[in-house]
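See structure below.
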Amino acid sequence: MNLMKTILAASAASVLTAAAAQSADLPVKAKAVEYVRICSLYGAGYYYIPGTDTCIKIGGYVRFEAYHNAPQGAYPVNNATGVFTRLPNTFAMQSRFRLSADARTQTEYGTLRSYFNFGVNVRNNAIENGAPSTSVALERAFIQFAGFTFGRSETFFAHYSASSFGLLTGTFDGGTSSTGMNLAAYTWQFGNGLSASLSLEDSNAHSKGVVDLGNAANTAGVLGAAPFSSNASDSMGARMPDFVGNIRVDQAWGSAQIMGALREVGARYNFTNSSPTCNGGGTNTTSCGHPDEKWGWAVGAGLTLKMPWDSKDTLSGQIAYAKGASSYVAFANSNNALHTSGGLALGAFNDAVFGGVTPAEGGSTELELTETWGGSVAFQHYWTPSLRTSWVFGYMSVQYTDRAKALIANLGSRCIGTNVVISNPAACDPDFSTWRVSSRTMWTPVRNFDVGLEVAYTEVNTAFGGSTATLTSSNNGLAAGSYALEDQGVWSAALRVQRSFWP
């Protein structure tokens with residue numbers, strides 16, 4: 001009996017062992033693979049990052065451009081490149097690559113968004129035979145959450161950018177365009193498309209410089225470069241951000257905005273040409289003193305209308321006035337100089353000037369804030385879904401106070417340069433205006449591929465009219481001799497070929 005029990009137990013154990021071995025050989029069900037899913041919450045091109053509830057969109061473009069009479073790429077009147085001798089390039093090409101990513105997540109506070117856009121740009125050097133210049137640019141890098149925006153973005157002063165409608169038109173609006181700037185902002189949404197924003201923005205990015213006329217280095221140095229070449233080197237270091245605000249409405253008919261800005265304008269220590277300098281303490285030091293700071297400000301308005309016959313056809317415009325805050329009228333602009341056939345037009349662009357230490361040196365105890373106003377208007381029409389034309393007009397006027405003009409006339413060499421004799425130094429007037437009209441046609445033969453051609457005319461109108469400047473020695477390719485100070489104009493052209501690769 002005991003023998004039988006032993007045999008049965010051994011048999012059962014053998015069966016169980018065999019069954020276990022067979023079960024170990026059976027295939028195990030694999031863990032489900034999570035494929036990339038389309039995210040339709042934010043429009044086309046977004047996908048869920050696997051394993052998360054975050055949607056992301058990757059994009060970018062590759063661009064080629066060629067310019068005639070715009071050797072800086074888009075600013076044919078700036079500095080020495082506006083002196084059309086055989087030295088500066090009047091034809092230039094550039095290539096650009098951009099990559100962007102937009103990540104969004106829904107939270108109980110609303111959408112959490114982070115976005116960046118960076119790339120590389122390679123273009124001809126402005127001067128002949130110069131090596132191509134390469135720049136790496138972080139155009140945008142910001143976080144948006146619960147109404148806040150932190151990072152590098154477009155200034156909240158801008159309503160629209162004229163550069164969206166042309167290749168040579170970025171000079172005449174207060175938008176930062178592709179450059180961007182660091183800021184911290186909050187936007188209130190009131191419903192029905194109405195919003196208001198307050199932004200603290202990088203003061204250095206908005207600065208156009210403070211010029212100490214007591215600094216003998218503040219001359220053009222060469223005929224063809226604009227006055228006050230040291231420009232921002234006389235500015236005080238930033239102590240606070242610029243304060244920018246807007247009220248905006250976006251509806252089916254288009255959008256409208258009013259905006260304002262406030263910024264601190266300050267100078268470094270005074271220069272002096274007397275001896276001993278600043279009581280022996282050295283020039284441009286604490287012993288020299290400085291003018292008191294002032295508040296610069298700007299106001300503006302913008303409007304975009306969608307045409308009733310086709311919402312893709314739009315009319316957009318922006319106008320602004322600034323005192324001591326010139327970049328809010330024309331962010332991308334700088335000093336202007338233009339020479340064509342025997343004449344020269346100049347314009348100095350900054351936030352403020354002051355005049356040194358002592359009255360004998362043309363001194364001033366306060367900053368003289370520069371007044372600037374201007375704007376642009378752009379109309380775009382679609383002839384067909386693949387062919388569109390835009391027309392853009394931009395204007396800017398820069399005016400100095402009577403006291404500033406008197407200081408500059410007192411120091412006539414500040415107007416042109418050290419190698420130049422002005423026929424009437426007492427009439428040394430830095431006021432100027434500049435304007436540009438352009439037309440661009442873009443063809444899109446296939447989706448996300450554009451070919452565009454633009455023609456533009458730019459003019460610099462100078463208050464120096466009727467005077468002459470005599471160049472005592474050759475400079476910047478210009479021979480020694482007399483040049484009329486008069487209005488100047490130039491025709492420019494640009495070609496763009498661009499392939500965008502976002503969905």
>> Residues of region 145-166 with the amide nitrogen closer than 15 Å to a label point 7 Å from the Cα of residue 108, along Cα-to-Cβ, please.
In response: 146
> Suppose R0 equals 56 Å; then what is the FRET efficiency for residue 101 and residue 366 from their Cβ-Cβ distance, rounded to the nearest 0.05?
Replying inline: 0.70
> Quick one: length gained pulling residue 148 to residue 441 fully straight, 0.36 nm per residue minus the C-alpha distance?
Replying inline: 101.7 nm
>> What aspartates and glutamates does residue 294 reach when the alpha-carbon gap must be under 20 Å and sequence neighbours fewer than 8 apart in one chain are set aside?
In response: 201, 202, 212, 234, 242, 264, 351, 366, 368, 371, 402
> Among 392-398, 433-439, 138-144, 162-168, what's the highest-first ranking by average C-beta atoms within 10 angstrom per residue?
Replying inline: 162-168, 392-398, 433-439, 138-144
> Which shape class, rounded, prolate or oblate, goes with region 430-499 when its Cα gyration tensor gives a ≥ b ≥ c as root eigenvalues, a/c under 1.5 marks rounded, and past that a/b bigger than b/c marks prolate?
Replying inline: prolate
>> At R0 = 45 Å, how high is the FRET efficiency between residue 491 and residue 196 if r is their beta carbon distance? Nearest 0.05 is fine.
In response: 0.60
> For region 178-193, list residues with backbone N below 16 Å from a point placed 7 Å from the Cα of residue 249 toward its Cβ?
Replying inline: 189-193
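Throughout, read-outs are computed from the coordinates displayed, never taken from laboratory work. All of these numbers come straight from a predicted model, not from anything done at the bench. Ideal geometry is used to build each Cβ from the backbone, glycine not excepted, and the neighbour counts take in all protein chains shown.
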